[in-house]
Amino acid sequence: MRVLIVSDTHGCVDARICALAQACDRVVHGGDVGDAAVLDALGGAVSAVRGNNDTAAKWPAAQQQRLQQLPLQAELELPGGRLVVVHGDAWPARGRHAALRRAFATARAVVYGHSHRLAIDSDALPWILNPGAGGRARTHGGPSCLLLQAAADAWQVEARQFGGGFRDTL
């Protein structure tokens, strides 16, 4: 199973990330979505969580019901293990990876966002994955995402970062 992992779009998602989503079986969004149009642009099989910026005051009035449907945490059973998705703002930056490993010890991997910093920490289980920022804000080198290949016998994760500025989709 091929899973696209994205986070921190803040209302817009890069067109190259949307193109990758079309070739994936699932899409996971780690919060700070910013607008329901982002979820629509990513395709049909999207699991998203609410980030600290996903508030009623920051989402269009017509989208409040869709915002309320976003959970604070999601868990997906994938071939070979469970993927947990949180935004990450509830854990202090110092020691965040160790804290996430303790909190979700039975997961194969934990996805978080919030920091806008791309990270693949696969030195221990569960893996701790941060796709960076998939929108315009604080991309630290360009919009980014992760591609996870989940099979019963092994998982592989690959980072994708797109330089050359943001490419609009919405």
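Each reported figure results from applying straightforward, stated rules to the coordinates on display, with no laboratory input. Keep in mind the model is a prediction, meaning the values are calculated, not measured. Don't worry about glycine lacking a Cβ; one is built from the backbone with ideal geometry, like all the others, and counts go over all protein chains shown.
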Subject >> Relative contact order (percent, whole number), the chain, Cα cutoff 8 Å, 6+ residue spacing >> reply: 27
**OP:** Quick one: dipole size for the chain, taken about the Cα centre, charges +1 on Lys/Arg Cβ and -1 on Asp/Glu Cβ, in debye to the nearest 20.
**Re:** 280
**OP:** Using only alpha carbon pairs under 8 Å that are at least six residues apart, calculate the relative contact order of region 120-167 and give it in whole percent.
**Re:** 30
**OP:** Please report, to one decimal in angstroms, the Kirkwood hydrodynamic radius of the chain built from all distinct Cα-Cα pairs.
**Re:** 15.6
**OP:** Under 10 Å from the Cβ of Arg138, count the other residues' Cβ atoms, weight Lys and Arg +1, Asp and Glu -1, and hand me the total.
**Re:** +1
Subject >> Convex hull volume per residue in cubic angstrom - Cα atoms of region 43-102 >> reply: 109
Original post:
Where does the chain land at 222 nm, in deg cm²/dmol rounded to the nearest 500, when only DSSP H runs of n ≥ 4 count, each adding -39500 (n - 2.57), divided by all residues?
Top reply: -4000 deg cm²/dmol
Subject >> Bridge type composition, the chain - antiparallel percent by DSSP, nearest 5 >> reply: 60
Subject >> Summed residue charge, Cβ within 11 Å of Phe166's Cβ, Lys/Arg positive, Asp/Glu negative >> reply: +1
**OP:** For Gln68 and Arg94, calculate 0.36 nm times their separation in residues minus their Cα-Cα distance, and state this gained length in nm to one decimal.
**Re:** 6.4 nm
